[in-house]
Amino acid sequence: MGRNSRRWVATALGVALLSGCGTGGPANADGPTGTSTTPVNGRWSGIGKTCAPLTAPAFAGVKDGVFDTRLETDAKMLYAASCVYGGTGPTARIMVNYMIDKEDGDETPAEVAGKDLADARKDERPGTELSGVGEGAVVVVENGTMQATTWDRNATVMAMFPMDRVKTDADLAKHTDDVTAVLKDLLTVLRG
């Protein structure tokens, strides 16, 4: 799946989550939900049937997520699911998209995320690489929303944190440890 296709899917999923479409109800029982917590033949096939519990202390007030696999995608090429976490306080909502490529695409998740980070730096928006999570991770700020992306093999996880107070790299640096912890939590539900 090419860069523009990935961005289109990510944007479409983000809009759906922000508008409330496709965020309620039980998981689709027909979705790929293997039980192995390690990739099979080096590839992930889906995620579990619930959202990952968040362990970062900064997000202790965020309520458990609502899991959904009823997102419109090309099922032969991409498995997609979402989790929307709600809560009170300064971080009232976290929206998460899982995208698992079933076929090798034109660009790897690392290449797509690297271009997103380069675009943020070019536009003088806050952005940085995160270490110690998945095969790699980046976080950028766009329109007042921190968008953190991590990847592992053929899986990409994007978490969006609407936080208007993050406007500079210094502001972003205050949140990177917590965002990294959330991304680690989110990867725990990948299934082979």
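The values are calculated or read from the model by the stated rules, or taken from the named source; none is laboratory data. A quick note: this is a predicted structure, and the numbers were derived from the prediction, not measured. Every residue, glycine as well, gets a Cβ built from its backbone with ideal geometry; the counts of neighbours run over all protein chains shown. Heavy atoms of the whole protein, side chains included, go into the accessibility calculation; ligands, DNA and RNA do not. Shrake-Rupley method; radii C 1.70, N 1.55, O 1.52, S 1.80 Å.
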*For a label point 7 angstrom out from the Cα of Glu135 toward its Cβ, which stretches of region 155-179 have the backbone nitrogen within less than 17 Å?*
155-158
*asked:* Contact order normalised by length for region 48-192, with contacts defined as Cα pairs under 8 Å and 6 or more residues apart; what percent is it?
replied: 23
*Would you mind checking which residues have amide H under 5 Å from Arg153's amide H? H placed 1.01 Å from N; only 5 or more apart, or other chain.*
Glu135
*Under a cut-off of 25 Å between alpha-carbon atoms, report the lysines in cross-link reach of Lys122, not counting same-chain residues fewer than 8 places apart.*
Lys167, Lys174
*Roughly how many Å² of Ser131 are accessible to a 1.4 Å probe, to the nearest 10?*
100
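On alpha-carbon atoms, Rg over Rh for region 83-192 using Kirkwood Rh?
Working: Rg = 13.5 Å, Rh = 14.2 Å.
When Rh is taken as the Kirkwood radius, the ratio is 0.95.
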*Inter-site label distance for Thr50 and Ala173 at 7 Å from Cα along Cβ, in nm*: 3.9
*What percent does the relative contact order of region 126-192 come to when contacts are Cα pairs within less than 8 Å and at least six residues apart?*
29
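Among the trypsin sites (Lys or Arg not before Pro) within region 93-182, which fall in a DSSP loop and have no more than 15 other Cβ atoms within 10 Å of their own Cβ? Show your work: numbers first, answer last.
Details: sites: Arg93, Lys102, Lys115, Arg121, Lys122, Arg153, Arg165, Lys167, Lys174; in loops: Lys102, Arg153, Arg165, Lys167, Lys174.
Here the trypsin sites (Lys or Arg not before Pro) that fit, given the DSSP loop and packing criteria, are Arg165, Lys167, Lys174.
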*Once the piece of chain linking Lys63 and Glu111 is laid out straight, how much longer is it, given 0.36 nm per residue of separation minus the C-alpha distance between them?*
14.0 nm
*Where only protein heavy atoms count, and the probe is 1.4 Å, what is the accessible area per residue for region 76-192 in Å²?*
43
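Carbon and sulfur together cover what percent of the accessible area of region 51-192 at a 1.4 Å probe radius? Display every interim value, and only then the final one.
Values: 3060 of 6450 Å².
Result for region 51-192: 47 percent of the exposed heavy-atom area is carbon or sulfur.
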